[in-house]
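Quick notes on the structure that follows.
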Amino acid sequence: MDATHLARLREEQDKAIVETDERITQWEEMKSSYVSLQDKLNSLSHQVSHDVMVPFGPCAFMPGKIVHTNEILVLLGDNWFVERSAKQAAEIAGRRIDSIEKSIKDLSEQKKLLQPRVDITSEFQHLAEEKDGIKEIVEDYDSDEDKKWREKHKKSVQAHRRKLHEDRKQSESKSELKSELTRDELWERLDELEQIENSRQELKRLKPEQPFVHSQPDFKDVFPSQTTKSPDQSISKSSKKAVDIPLQETNKDNKRLPSKRIQWEDEDSEDNTDDSYDEDSSDDTSTSNQNDSEPRHVKRITFSHSSQSLNKQNSSSSNDIEEESREGSADRPPDIASPADIYKHFGQLTQPKSILKQSSCKKQAVRKAREAEIEESRSKSSVKKMSDTAFSGAILEKPSISSTQSIVSMPKPVNTSQSSQRPMSKFRAARQKQNES
Amino acid sequence: MSEGLQKRLETEIEKFQSCQKDLQKYITSRQKLEAQLSENTLVKTELDLIKDDGTVFKMIGPVLVKQELEEAKQNVQKRIDYINGEIKRHEGLIKDVEKKQEAHKESLSKLQHQYQQAQVKAATKA
């Protein structure tokens, strides 16, 4: 903002305001004169005649009288006159006053509008003079140069973005490599931790008597009492919960390990129980405890179906099974012609251990029942050959419907015939005896 | 060359100035007409207000001539219409003159530019 320009602007604005003011004053004068005229007109009709000094010429007066007080010629405009009475003339005057007032009002509004402009220019002048340390920031603007700059800016922005994109790509590729590296590192770390764990286990093994502290109270009961409890129960419990326990233990010991490992408490914690375990184990091939091939400090579960090991470790209760297996092994060829054959060959291994107590009397009953079954099967071998040998209980119970039942209840009798693992209840045995008899 | 340019420049300036004058004239006359119009409208309203009461006079020179109210009214009305027409005419004229002025302005600026160039050349030569 040039000072000279501002001064010029200010000049013009002031001029406009002055003009408006002048007009306003003019109108005000006219208005006042009209007002006085009105008064006069009103007062004229009060008297019949007025004594006045009549002017003729600019400096001469003559005493006279106004006689026709009520006849007034009014100049309407454009050389038109009209004769009116005083009152009517007063009305005309009044109307003129109104119009004057209106114009005065307009002019005053105009003045109001002009005033802020003046204020602004005065402010700018103030800034231009730089009083009180206020400086004005001036930026030279050239439209052509501005265009050029804008194009330049656009290009530079694009280049920048491209660069960012490339950098990002590079960083991504780097991170991929890194991830591969970290994976290898992870494996190494895992191995390290494994070794640590093993060493720890060894340390633990030095103190086998110490019971493990577990969060769940059940296990406390289990472990210390493994030796004392009956073998079946201990086995069952351990077999059931063996999976869970080691998880806990591993979690407690090696929380760093990302993977969970299943351990067998029985192996590592108490070497004492190994012997009892050997005694107690029967057909639980699901447990890997029988696998002594693996070293104990390596906690790995492997499943092996080795009937020989089973037979070695069979308890006294399962002597019959041994007999059966021996018996059957001679007779049965390894051919598997039907699903039933599977049961025949491997039925021993997969049969679950019964929860019932095996008392001596039961064993005898079972024995007898089996003997009867064998006799029956032999007698009826003419009907069906291979399948008949599998029959047992069903035939004995209801000889009349034996043929039909035999087909239906094939799987059932297989279990009972091949392996006398399921001890027959007294009632059944009694029934069989009855049927026989 | 420069003299010719100068002459041409002078003529152009004169034309431009004459245009400007015309424009001014027309503008003033227009303003005048507008004033008359407002006056006459006022007279009309006054005449409408008086009933068949007073006598109406028309001032022709120093003489007041009596007029009838109706006649006066009609006269005034005519006058108003006439003034309106005049105003319109004047407006058209003003527009034309303004256009002319613009053209003159452009040519004038061109000539001035040429003149300046010629002067610069002359200065370099000399």
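Would the range A:116-131 turn up any residue that is part of a helix (DSSP H, G or I) and either in contact with a Cys (Cβ under 6 Å, 6 or more places away or on another chain) or within 30 Å of residue A:40 (Cβ to Cβ) (or both)?
Scanning the range A:116-131, I find no residue that is part of a helix (DSSP H, G or I) and either in contact with a Cys (Cβ under 6 Å, 6 or more places away or on another chain) or within 30 Å of residue A:40 (Cβ to Cβ) (or both), so the answer is no.
When the range B:46-62 is filtered for residues that are touching a residue at least 24 places away in the same chain (Cβ under 8 Å) and either at the interface with chain A (Cβ under 8 Å from one of its Cβ atoms) or touching a Leu at 6+ places or on another chain (Cβ under 6 Å) (or both), only B:47 remains. Here the condition is being over 23 Å from residue B:92 (Cβ atoms) and part of a helix (DSSP H, G or I); of B:47, B:33, B:37, it holds for B:47 alone. When you look at residue B:84, is it within 9 Å of chain A (Cβ to nearest Cβ), in contact (Cβ under 8 Å) with a residue 12 or more places away in the chain and part of a helix (DSSP H, G or I), yes or no? So residue B:84 fails the test. The residues in the range A:61-77 that are outside any strand (DSSP E or B) and buried (at least 20 other Cβ atoms within 10 Å of the Cβ) can be counted, and the count is 0.
Residue A:99 meets each of the listed conditions (1) away from chain B (no Cβ under 11 Å); (2) of a type in the set (Ser, Thr, Tyr); (3) in a helix (DSSP H, G or I) apart from (1). Mind listing whichever residues of the range A:111-127 are of a type outside the set (S, T, N, Q) and touching a helix residue (DSSP H, G or I) at 6+ places or on another chain (Cβ under 6 Å)? Listed by number, the residues that qualify are A:111, A:114, A:117, A:118, A:124.
Exactly one residue out of B:43, B:76, B:120, B:97 is touching a residue at least 24 places away in the same chain (Cβ under 8 Å) and away from chain A (no Cβ under 14 Å), and it is B:97. Taking the criterion of being away from chain B (no Cβ under 11 Å), surrounded by fewer than 18 Cβ atoms within 10 Å (Cβ to Cβ) and among the charged types (D, E, K, R), would at least one residue in the range A:78-95 satisfy it? There is at least one residue in the range A:78-95 that is away from chain B (no Cβ under 11 Å), surrounded by fewer than 18 Cβ atoms within 10 Å (Cβ to Cβ) and among the charged types (D, E, K, R). Scan the range A:143-161 and give yes if some residue there is over 30 Å from residue A:26 (Cα atoms), among the β-branched types (Val, Ile, Thr) and surrounded by 10 or more Cβ atoms within 10 Å (Cβ to Cβ), otherwise no. Within the range A:143-161, one or more residues are over 30 Å from residue A:26 (Cα atoms), among the β-branched types (Val, Ile, Thr) and surrounded by 10 or more Cβ atoms within 10 Å (Cβ to Cβ). Would you say residue B:21 is touching a Ser or Thr at 6+ places or on another chain (Cβ under 7 Å) and either away from every other protein chain (no Cβ under 14 Å) or over 23 Å from residue A:96 (Cα atoms) (or both)? It is false that residue B:21 is touching a Ser or Thr at 6+ places or on another chain (Cβ under 7 Å) and either away from every other protein chain (no Cβ under 14 Å) or over 23 Å from residue A:96 (Cα atoms) (or both).
I want to confirm something. Restricting to the range B:24-40 and keeping residues that are of a type outside the set (Lys, Arg) and without any contact (Cβ under 8 Å) to a residue 40 or more places away in the chain, which single residue is nearest to the other protein chains (Cβ to nearest Cβ)?
B:39
Applying the condition of being within 14 Å of residue B:53 (Cβ to Cβ) and modelled with pLDDT of 85 or more to the range A:62-73 and asking which residue is nearest to the other protein chains (Cβ to nearest Cβ) yields A:73.
Residues of the range A:25-46 include at least one that is at negative phi, away from chain B (no Cβ under 14 Å), touching a Lys or Arg at 6+ places or on another chain (Cβ under 9 Å) and not in a helix (DSSP H, G or I). Within the range B:67-91, how many residues are modelled with pLDDT of 90 or more and among the charged types (D, E, K, R)? Total meeting the criteria: 7. When restricted to residues that are closer than 30 Å to residue A:2 by Cα and either at pLDDT 90 or above or assigned to a helix (DSSP H, G or I) (or both), the range A:139-167 contains 8.
The values are calculated or read from the model by the stated rules, or taken from the named source; none is laboratory data. Quantities reported herein were computed from a predicted structural model and do not represent experimental measurements. Heads up, the Cβs are rebuilt from the backbone with ideal geometry, glycines too, and the neighbour counts pull from every protein chain shown.
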